[in-house]
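The values are calculated or read from the model by the stated rules, or taken from the named source; none is laboratory data. Worth saying up front: this structure is predicted, and the values here are computed from it rather than measured. So basically every Cβ, Gly included, is an ideal-geometry build from the backbone, and we count neighbours across all protein chains shown. Areas reflect the complete protein model, heavy atoms only, side chains present, ligands, DNA and RNA absent. Shrake-Rupley method; radii C 1.70, N 1.55, O 1.52, S 1.80 Å.
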Amino acid sequence: MLSVREALGRLLDAARPLEGIERVPTLEANGRVLAEDQHATINVPSADNTQMDGYAVRAADCESGSATLRVAQRIPAGSVGEPLEPGTAARIFTGALIPPGADAVVMQEQCEAVGDSVTVRHAPRAGEWIRRTGEDVAAGAVILPAGTRLRSQELGLAASVGLAALPVLRRARVAVFFTGDELAMPGEPLTPGAIYNSNRFTLRGLLENFGCDFTDYGIVPDSLEATRATLREAAREHDLIITSGGVSVGEEDHIKPAVEAEGRLDMWQIAVKPGKPLAFGEIRREQGASYFIGLPGNPVSSFITFLLFVRPFLLRLQGVRGPVEPRGYSMRADFALPKADRRNEFLRVRVNAAGGLDLFPNQGSGVLTSTVWGEGLVDNPPGQAIADGDLVRFIPFAELQH
(Lines give C-alpha, C1' and ligand atoms only; values in the text may rest on other atoms or scores of the structure.)
Protein backbone atom coordinates (compact mmCIF):
# COMPACT_ATOMS: atom_id res chain seq x y z
CA MET A 1 0.00 0.00 0.00
CA LEU A 2 1.09 3.57 -0.66
CA SER A 3 1.73 5.87 2.26
CA VAL A 4 -0.34 9.04 2.51
CA ARG A 5 2.72 11.10 1.58
CA GLU A 6 3.53 8.90 -1.42
CA ALA A 7 -0.03 9.09 -2.73
CA LEU A 8 -0.19 12.85 -2.26
CA GLY A 9 3.18 13.26 -3.96
CA ARG A 10 1.93 11.36 -7.02
CA LEU A 11 -1.18 13.51 -7.21
CA LEU A 12 0.70 16.79 -6.92
CA ASP A 13 3.29 15.69 -9.48
CA ALA A 14 0.46 15.05 -11.94
CA ALA A 15 -1.39 18.32 -11.34
CA ARG A 16 -0.77 20.83 -14.12
CA PRO A 17 -1.93 24.39 -13.30
CA LEU A 18 -4.86 25.52 -15.41
CA GLU A 19 -4.39 27.84 -18.35
CA GLY A 20 -6.52 30.92 -18.81
CA ILE A 21 -6.35 34.31 -17.10
CA GLU A 22 -9.23 36.64 -16.45
CA ARG A 23 -9.35 40.07 -14.89
CA VAL A 24 -11.92 40.44 -12.15
CA PRO A 25 -12.89 43.33 -9.85
CA THR A 26 -10.98 43.17 -6.58
CA LEU A 27 -14.33 43.18 -4.76
CA GLU A 28 -15.15 39.85 -6.47
CA ALA A 29 -11.75 38.13 -6.26
CA ASN A 30 -12.14 36.35 -2.90
CA GLY A 31 -10.84 32.78 -3.14
CA ARG A 32 -9.27 33.25 -6.57
CA VAL A 33 -5.59 32.64 -7.36
CA LEU A 34 -3.38 35.44 -8.66
CA ALA A 35 -1.94 34.86 -12.12
CA GLU A 36 0.71 37.61 -11.93
CA ASP A 37 2.75 39.45 -9.30
CA GLN A 38 1.01 42.57 -8.02
CA HIS A 39 3.02 45.73 -7.30
CA ALA A 40 2.16 48.67 -5.10
CA THR A 41 1.26 51.70 -7.20
CA ILE A 42 1.66 54.11 -4.26
CA ASN A 43 3.29 54.40 -0.86
CA VAL A 44 1.13 53.30 2.08
CA PRO A 45 0.71 55.56 3.94
CA SER A 46 0.98 58.03 1.07
CA ALA A 47 2.13 60.76 3.51
CA ASP A 48 3.07 61.10 7.19
CA ASN A 49 -0.11 60.93 9.30
CA THR A 50 -1.19 60.53 12.89
CA GLN A 51 -2.02 57.25 14.59
CA MET A 52 -3.99 59.01 17.35
CA ASP A 53 -6.44 61.74 18.14
CA GLY A 54 -4.39 64.42 19.88
CA TYR A 55 -2.15 67.39 19.15
CA ALA A 56 0.58 67.76 16.53
CA VAL A 57 3.53 69.60 18.04
CA ARG A 58 7.19 70.37 17.71
CA ALA A 59 8.91 68.02 20.19
CA ALA A 60 11.37 70.78 21.12
CA ASP A 61 8.47 72.96 22.34
CA CYS A 62 7.39 70.27 24.84
CA GLU A 63 10.70 69.27 26.45
CA SER A 64 9.59 70.54 29.87
CA GLY A 65 6.85 67.91 30.14
CA SER A 66 4.30 70.65 30.95
CA ALA A 67 4.21 73.10 28.04
CA THR A 68 1.28 75.41 27.25
CA LEU A 69 0.86 76.07 23.52
CA ARG A 70 -1.61 78.04 21.43
CA VAL A 71 -3.89 75.81 19.33
CA ALA A 72 -3.45 77.45 15.94
CA GLN A 73 -5.43 75.05 13.73
CA ARG A 74 -7.67 72.00 13.59
CA ILE A 75 -6.87 69.17 11.15
CA PRO A 76 -9.49 66.43 10.62
CA ALA A 77 -8.74 63.38 8.46
CA GLY A 78 -8.96 64.21 4.77
CA SER A 79 -7.80 67.81 5.08
CA VAL A 80 -4.37 69.44 4.80
CA GLY A 81 -3.06 71.69 7.55
CA GLU A 82 -0.92 74.82 7.43
CA PRO A 83 2.77 74.82 8.46
CA LEU A 84 3.05 74.63 12.24
CA GLU A 85 4.68 77.71 13.77
CA PRO A 86 6.99 77.37 16.80
CA GLY A 87 5.15 77.58 20.11
CA THR A 88 1.83 76.36 18.64
CA ALA A 89 -0.03 73.06 18.39
CA ALA A 90 -2.56 71.65 15.93
CA ARG A 91 -5.62 69.71 17.07
CA ILE A 92 -5.40 66.59 14.91
CA PHE A 93 -7.51 63.47 14.40
CA THR A 94 -6.58 59.89 13.54
CA GLY A 95 -5.43 59.54 9.94
CA ALA A 96 -4.94 63.25 9.32
CA LEU A 97 -1.74 64.43 7.61
CA ILE A 98 1.02 65.80 9.82
CA PRO A 99 1.43 69.52 9.08
CA PRO A 100 4.86 70.78 7.96
CA GLY A 101 6.96 71.74 10.96
CA ALA A 102 5.37 69.24 13.38
CA ASP A 103 7.46 66.21 14.31
CA ALA A 104 5.37 64.47 17.01
CA VAL A 105 1.81 63.80 18.10
CA VAL A 106 0.73 63.79 21.74
CA MET A 107 -2.38 61.77 22.49
CA GLN A 108 -5.31 63.80 23.81
CA GLU A 109 -5.29 61.93 27.13
CA GLN A 110 -1.94 63.57 27.92
CA CYS A 111 -3.21 67.05 27.15
CA GLU A 112 -5.47 69.59 28.86
CA ALA A 113 -7.26 72.04 26.57
CA VAL A 114 -8.51 75.40 27.87
CA GLY A 115 -9.95 77.88 25.38
CA ASP A 116 -7.57 78.29 22.45
CA SER A 117 -4.56 76.81 24.25
CA VAL A 118 -3.48 73.36 25.37
CA THR A 119 -1.14 72.20 28.12
CA VAL A 120 0.92 69.21 27.00
CA ARG A 121 1.82 67.11 30.05
CA HIS A 122 4.31 64.88 28.24
CA ALA A 123 7.74 65.26 26.64
CA PRO A 124 7.32 63.48 23.30
CA ARG A 125 10.09 61.98 21.20
CA ALA A 126 10.41 63.13 17.61
CA GLY A 127 8.28 60.79 15.49
CA GLU A 128 5.97 59.72 18.34
CA TRP A 129 2.54 58.45 17.11
CA ILE A 130 3.38 59.32 13.49
CA ARG A 131 2.90 56.81 10.68
CA ARG A 132 5.69 57.46 8.19
CA THR A 133 5.27 57.59 4.42
CA GLY A 134 5.60 54.08 2.95
CA GLU A 135 6.19 52.38 6.30
CA ASP A 136 3.57 49.73 5.43
CA VAL A 137 4.11 49.45 1.67
CA ALA A 138 6.69 51.14 -0.57
CA ALA A 139 5.65 52.14 -4.08
CA GLY A 140 6.83 49.55 -6.62
CA ALA A 141 7.18 46.69 -4.11
CA VAL A 142 5.64 43.27 -4.84
CA ILE A 143 2.77 43.07 -2.38
CA LEU A 144 1.16 39.84 -3.64
CA PRO A 145 3.11 37.23 -5.64
CA ALA A 146 1.61 35.12 -8.40
CA GLY A 147 0.14 31.89 -7.07
CA THR A 148 -1.37 33.55 -3.99
CA ARG A 149 -4.88 32.38 -3.09
CA LEU A 150 -6.71 35.55 -2.21
CA ARG A 151 -8.37 35.93 1.17
CA SER A 152 -10.05 38.93 2.74
CA GLN A 153 -6.73 40.35 3.97
CA GLU A 154 -5.10 40.10 0.53
CA LEU A 155 -8.09 41.88 -1.00
CA GLY A 156 -7.75 44.64 1.58
CA LEU A 157 -4.05 45.01 0.83
CA ALA A 158 -4.71 45.21 -2.91
CA ALA A 159 -7.37 47.85 -2.33
CA SER A 160 -5.04 49.86 -0.07
CA VAL A 161 -2.72 50.53 -3.03
CA GLY A 162 -5.57 51.28 -5.42
CA LEU A 163 -5.82 48.01 -7.36
CA ALA A 164 -9.43 47.96 -8.57
CA ALA A 165 -9.07 44.70 -10.54
CA LEU A 166 -6.79 41.68 -10.36
CA PRO A 167 -5.56 39.08 -12.91
CA VAL A 168 -6.56 35.63 -11.70
CA LEU A 169 -6.49 32.12 -13.07
CA ARG A 170 -9.84 30.76 -14.15
CA ARG A 171 -11.77 28.58 -11.75
CA ALA A 172 -11.40 24.82 -11.95
CA ARG A 173 -14.31 23.17 -13.74
CA VAL A 174 -15.24 20.02 -11.83
CA ALA A 175 -17.81 17.33 -12.55
CA VAL A 176 -19.12 15.15 -9.75
CA PHE A 177 -21.39 12.12 -9.72
CA PHE A 178 -22.38 9.29 -7.43
CA THR A 179 -22.87 5.59 -8.06
CA GLY A 180 -25.13 3.15 -6.29
CA ASP A 181 -28.71 2.01 -6.96
CA GLU A 182 -29.22 2.05 -3.20
CA LEU A 183 -28.87 5.84 -3.04
CA ALA A 184 -31.89 8.08 -2.51
CA MET A 185 -32.29 11.82 -2.06
CA PRO A 186 -33.65 13.43 1.11
CA GLY A 187 -37.37 13.94 0.66
CA GLU A 188 -37.80 10.62 -1.12
CA PRO A 189 -39.14 7.57 0.72
CA LEU A 190 -36.49 5.03 1.71
CA THR A 191 -37.17 1.62 0.22
CA PRO A 192 -35.71 -1.47 1.92
CA GLY A 193 -31.91 -1.39 1.63
CA ALA A 194 -31.79 2.24 0.46
CA ILE A 195 -29.75 5.04 2.07
CA TYR A 196 -29.78 8.79 1.67
CA ASN A 197 -26.97 10.21 -0.47
CA SER A 198 -25.14 12.30 2.13
CA ASN A 199 -21.93 12.36 0.05
CA ARG A 200 -23.63 14.51 -2.58
CA PHE A 201 -24.18 17.26 -0.02
CA THR A 202 -20.74 16.93 1.56
CA LEU A 203 -18.80 17.02 -1.70
CA ARG A 204 -20.85 19.83 -3.22
CA GLY A 205 -20.19 21.91 -0.10
CA LEU A 206 -16.46 21.23 -0.30
CA LEU A 207 -16.32 22.16 -4.00
CA GLU A 208 -18.10 25.42 -3.21
CA ASN A 209 -15.59 26.09 -0.42
CA PHE A 210 -12.74 25.82 -2.91
CA GLY A 211 -14.32 28.13 -5.48
CA CYS A 212 -14.86 25.52 -8.18
CA ASP A 213 -17.32 25.80 -11.04
CA PHE A 214 -18.93 22.39 -10.81
CA THR A 215 -21.58 20.31 -12.50
CA ASP A 216 -23.46 17.78 -10.40
CA TYR A 217 -24.58 14.81 -12.50
CA GLY A 218 -26.37 13.31 -9.53
CA ILE A 219 -26.81 9.58 -9.01
CA VAL A 220 -25.75 7.47 -11.98
CA PRO A 221 -27.36 4.02 -12.40
CA ASP A 222 -25.21 1.02 -11.51
CA SER A 223 -24.37 -0.05 -15.04
CA LEU A 224 -21.20 0.03 -17.11
CA GLU A 225 -22.93 1.77 -20.02
CA ALA A 226 -24.40 4.57 -17.87
CA THR A 227 -21.08 5.13 -16.09
CA ARG A 228 -19.14 5.32 -19.37
CA ALA A 229 -21.65 7.71 -20.89
CA THR A 230 -21.49 10.04 -17.89
CA LEU A 231 -17.69 10.00 -17.92
CA ARG A 232 -17.62 10.92 -21.62
CA GLU A 233 -20.07 13.77 -21.15
CA ALA A 234 -18.29 15.08 -18.06
CA ALA A 235 -14.86 15.02 -19.72
CA ARG A 236 -15.94 17.36 -22.55
CA GLU A 237 -16.17 20.50 -20.44
CA HIS A 238 -14.42 19.75 -17.15
CA ASP A 239 -10.86 19.74 -15.84
CA LEU A 240 -11.53 17.16 -13.12
CA ILE A 241 -14.14 14.44 -12.58
CA ILE A 242 -14.82 13.25 -9.03
CA THR A 243 -16.92 10.21 -8.19
CA SER A 244 -18.00 8.71 -4.91
CA GLY A 245 -18.51 4.97 -4.57
CA GLY A 246 -17.92 2.11 -6.97
CA VAL A 247 -14.13 2.07 -6.68
CA SER A 248 -13.93 -1.46 -5.27
CA VAL A 249 -13.80 -4.54 -7.48
CA GLY A 250 -17.23 -6.07 -6.89
CA GLU A 251 -19.59 -7.03 -9.71
CA GLU A 252 -21.63 -3.85 -9.17
CA ASP A 253 -18.60 -1.56 -8.98
CA HIS A 254 -18.36 -0.16 -12.51
CA ILE A 255 -16.00 2.76 -12.06
CA LYS A 256 -12.80 0.80 -12.71
CA PRO A 257 -13.81 -0.82 -16.03
CA ALA A 258 -15.58 2.36 -17.18
CA VAL A 259 -12.55 4.59 -16.58
CA GLU A 260 -10.22 2.03 -18.17
CA ALA A 261 -12.47 1.96 -21.24
CA GLU A 262 -12.63 5.76 -21.51
CA GLY A 263 -9.08 6.60 -20.49
CA ARG A 264 -6.54 5.25 -18.03
CA LEU A 265 -6.73 4.39 -14.34
CA ASP A 266 -4.43 3.77 -11.42
CA MET A 267 -6.10 1.99 -8.51
CA TRP A 268 -4.28 2.87 -5.32
CA GLN A 269 -4.48 1.10 -2.03
CA ILE A 270 -3.42 3.75 0.48
CA ALA A 271 -2.35 3.00 4.04
CA VAL A 272 -4.94 5.41 5.44
CA LYS A 273 -7.84 4.91 7.83
CA PRO A 274 -10.58 5.76 7.05
CA GLY A 275 -10.21 5.52 3.30
CA LYS A 276 -7.84 3.03 1.67
CA PRO A 277 -9.16 2.78 -1.93
CA LEU A 278 -8.51 5.79 -4.17
CA ALA A 279 -8.69 5.85 -7.95
CA PHE A 280 -6.73 8.34 -10.05
CA GLY A 281 -6.52 8.64 -13.81
CA GLU A 282 -7.65 10.52 -16.89
CA ILE A 283 -10.63 10.45 -19.22
CA ARG A 284 -9.94 11.07 -22.90
CA ARG A 285 -11.63 13.89 -24.73
CA GLU A 286 -11.32 15.47 -28.14
CA GLN A 287 -8.39 17.60 -27.03
CA GLY A 288 -6.30 16.37 -24.11
CA ALA A 289 -7.86 14.68 -21.12
CA SER A 290 -9.81 15.37 -17.95
CA TYR A 291 -8.39 14.27 -14.61
CA PHE A 292 -10.33 11.63 -12.69
CA ILE A 293 -10.38 10.94 -8.94
CA GLY A 294 -12.61 8.21 -7.51
CA LEU A 295 -13.36 8.44 -3.80
CA PRO A 296 -14.70 5.68 -1.54
CA GLY A 297 -18.42 5.56 -0.85
CA ASN A 298 -18.42 5.46 2.96
CA PRO A 299 -19.31 9.01 4.04
CA VAL A 300 -16.43 9.64 6.47
CA SER A 301 -13.95 8.01 4.09
CA SER A 302 -15.18 10.18 1.23
CA PHE A 303 -14.97 13.35 3.35
CA ILE A 304 -11.49 12.68 4.72
CA THR A 305 -9.95 11.47 1.45
CA PHE A 306 -11.27 14.61 -0.23
CA LEU A 307 -9.57 16.77 2.42
CA LEU A 308 -6.31 14.82 2.32
CA PHE A 309 -5.97 14.30 -1.43
CA VAL A 310 -8.49 16.21 -3.55
CA ARG A 311 -8.07 19.50 -1.67
CA PRO A 312 -4.30 19.85 -2.30
CA PHE A 313 -4.74 18.58 -5.87
CA LEU A 314 -7.38 21.24 -6.54
CA LEU A 315 -5.26 23.99 -5.00
CA ARG A 316 -2.29 23.06 -7.20
CA LEU A 317 -4.58 22.73 -10.25
CA GLN A 318 -5.89 26.22 -9.61
CA GLY A 319 -2.38 27.65 -9.53
CA VAL A 320 -1.46 27.87 -5.85
CA ARG A 321 2.34 27.84 -5.73
CA GLY A 322 3.01 27.71 -2.01
CA PRO A 323 2.55 24.78 0.38
CA VAL A 324 -0.80 23.04 -0.06
CA GLU A 325 -0.51 20.55 2.79
CA PRO A 326 -2.34 21.55 5.97
CA ARG A 327 -0.43 22.68 9.04
CA GLY A 328 -0.52 20.44 12.08
CA TYR A 329 -0.13 21.47 15.71
CA SER A 330 1.35 19.52 18.60
CA MET A 331 -1.36 18.99 21.23
CA ARG A 332 -1.99 16.75 24.22
CA ALA A 333 -4.15 13.66 23.77
CA ASP A 334 -6.59 13.31 26.66
CA PHE A 335 -7.40 9.80 25.52
CA ALA A 336 -5.68 6.48 24.93
CA LEU A 337 -5.49 4.43 21.75
CA PRO A 338 -3.67 1.32 22.96
CA LYS A 339 -4.03 -0.70 19.76
CA ALA A 340 -1.86 0.59 16.94
CA ASP A 341 -3.07 0.25 13.35
CA ARG A 342 -0.79 -0.57 10.43
CA ARG A 343 -2.34 2.34 8.52
CA ASN A 344 -2.02 6.11 8.99
CA GLU A 345 -5.11 6.88 11.07
CA PHE A 346 -6.98 10.18 11.00
CA LEU A 347 -8.97 10.34 14.22
CA ARG A 348 -11.90 12.69 14.76
CA VAL A 349 -11.25 14.77 17.89
CA ARG A 350 -12.17 18.06 19.46
CA VAL A 351 -10.47 20.47 21.85
CA ASN A 352 -11.63 20.29 25.47
CA ALA A 353 -11.73 23.04 28.11
CA ALA A 354 -8.35 21.93 29.50
CA GLY A 355 -6.62 22.47 26.16
CA GLY A 356 -6.32 18.78 25.33
CA LEU A 357 -8.00 16.62 22.72
CA ASP A 358 -10.98 14.34 23.26
CA LEU A 359 -11.62 11.38 20.95
CA PHE A 360 -15.01 10.64 19.43
CA PRO A 361 -15.90 7.18 20.78
CA ASN A 362 -16.92 5.63 17.43
CA GLN A 363 -14.31 6.08 14.70
CA GLY A 364 -16.17 4.03 12.07
CA SER A 365 -16.02 5.14 8.44
CA GLY A 366 -19.80 5.46 8.29
CA VAL A 367 -20.21 7.55 11.44
CA LEU A 368 -20.78 11.00 9.96
CA THR A 369 -21.72 12.45 13.34
CA SER A 370 -18.00 12.27 14.26
CA THR A 371 -17.19 14.91 11.63
CA VAL A 372 -19.83 17.30 13.03
CA TRP A 373 -18.88 16.71 16.67
CA GLY A 374 -15.16 16.99 15.91
CA GLU A 375 -13.05 20.08 15.38
CA GLY A 376 -10.27 18.36 13.49
CA LEU A 377 -8.17 15.25 12.99
CA VAL A 378 -5.29 13.61 14.79
CA ASP A 379 -2.76 12.49 12.19
CA ASN A 380 -1.55 9.27 13.82
CA PRO A 381 1.33 7.48 12.05
CA PRO A 382 1.17 3.77 11.16
CA GLY A 383 1.96 1.45 14.05
CA GLN A 384 1.67 4.23 16.64
CA ALA A 385 -0.27 3.61 19.85
CA ILE A 386 -1.36 6.66 21.87
CA ALA A 387 -1.18 6.91 25.65
CA ASP A 388 -3.19 9.42 27.65
CA GLY A 389 -1.07 12.59 27.83
CA ASP A 390 1.00 11.94 24.68
CA LEU A 391 1.62 14.78 22.26
CA VAL A 392 -0.04 14.18 18.90
CA ARG A 393 -0.32 16.06 15.60
CA PHE A 394 -3.66 17.87 15.41
CA ILE A 395 -5.00 19.27 12.12
CA PRO A 396 -8.00 21.58 12.63
CA PHE A 397 -10.81 21.33 10.10
CA ALA A 398 -10.23 25.05 9.53
CA GLU A 399 -6.85 24.15 7.99
CA LEU A 400 -8.45 21.58 5.72
CA GLN A 401 -11.41 23.53 4.42
CA HIS A 402 -9.84 26.67 2.97
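Would you mind telling me the antiparallel percentage of the DSSP bridges in the chain, rounded to 5? Write down the numbers at each step before the final one.
Details: 57 of 84 bridges.
Counting DSSP beta bridges with both partners in the chain, the antiparallel share is about 70 percent.
What base-10 log of the normalised intensity I(q)/I(0) is obtained for the range 229-310 from the Debye formula, alpha carbons as equal point scatterers, at q = 0.15, 0.22 Å⁻¹?
-0.49, -0.99
Nearest 500 deg cm²/dmol is fine: what mean residue ellipticity at 222 nm does the chain get from its DSSP H runs of n ≥ 4 alone, each adding -39,500 (n - 2.57), divided by its residue count?
Working: 9 runs with 77 residues, N = 402.
After summing the helix terms and dividing by residue count, I get -5500 deg cm²/dmol.
For the range 1-131, what are Rg and Dmax over the alpha carbons, in angstrom?
25.6, 83
Compute the distance from the alpha-carbon center of the range 21-75 to that of the range 118-189, in whole Å.
19 Å
Report in % the part of the accessible area of the range 1-64 that belongs to carbon and sulfur, leaving out ligands and nucleic acids; probe 1.4 Å. Intermediate results must be reported in sequence, preceding the final value.
Working: 1590 of 3490 Å².
Accessible surface attributable to carbon and sulfur in the range 1-64 totals 46 percent.
For a quick check of your reading of the filter: which trypsin sites (Lys or Arg not before Pro) in the range 1-102 sit in a DSSP loop and have no more than 16 other Cβ atoms within 10 Å?
Numbers: sites: Arg5, Arg10, Arg23, Arg32, Arg58, Arg70, Arg74, Arg91; in loops: Arg32, Arg58.
Sparse-neighbourhood loop trypsin sites (Lys or Arg not before Pro): none present.
In the range 116-160, what percent of the accessible surface is made up of carbon and sulfur (1.4 Å probe, ligands and nucleic acids excluded)?
Percent of accessible area from carbon and sulfur atoms in the range 116-160: 50.
Rg over Rh of the range 229-385, using C-alpha atoms and the Kirkwood radius, what does it come to? Write down the numbers at each step before the final one.
On the way: Rg = 17.8 Å, Rh = 17.2 Å.
Computed over Cα atoms, the ratio is 1.03.
Starting from the Kirkwood Rh over alpha-carbon pairs, what translational D in µm² s⁻¹ does the range 333-402 have by Stokes-Einstein at 25 °C and 0.890 mPa s? Before the final figure, lay out the partial values.
Numbers: Rh = 12.3 Å.
Answer, rounded: 200 µm²/s.
Express the carbon and sulfur contribution to the solvent-accessible surface of the range 332-402 as a percent, rounded to the nearest whole number, probe 1.4 angstrom.
In the range 332-402, the share of accessible area belonging to carbon and sulfur is 55 percent.
Within the chain, what's the longest stretch lacking GluC sites (Glu not before Pro) that sit in DSSP loops with no more than 13 other Cβ atoms inside 10 Å?
Between exposed loop sites, the widest span is 287-402.
DSSP loop trypsin sites (Lys or Arg not before Pro) in the range 327-401 with at most 12 other Cβ atoms within 10 Å of their Cβ, which ones?
Details: sites: Arg327, Arg332, Lys339, Arg342, Arg343, Arg348, Arg350, Arg393; in loops: Arg327, Lys339, Arg342, Arg343.
Passing sites in the range 327-401 are Arg327, Lys339, Arg342.
Over the Cα atoms of the chain, Rg to Rh with Kirkwood Rh, two decimal places?
Values: Rg = 29.7 Å, Rh = 25.4 Å.
Answer for the chain: 1.17.
If you count only protein heavy atoms with a 1.4 Å probe, what accessible area per residue comes out for the chain, rounded to a whole Å²? Don't skip to the end; give the middle numbers.
Working: 18650 Å² over 402 residues.
With the other protein chains kept in place, the chain gives 46 Å² per residue.
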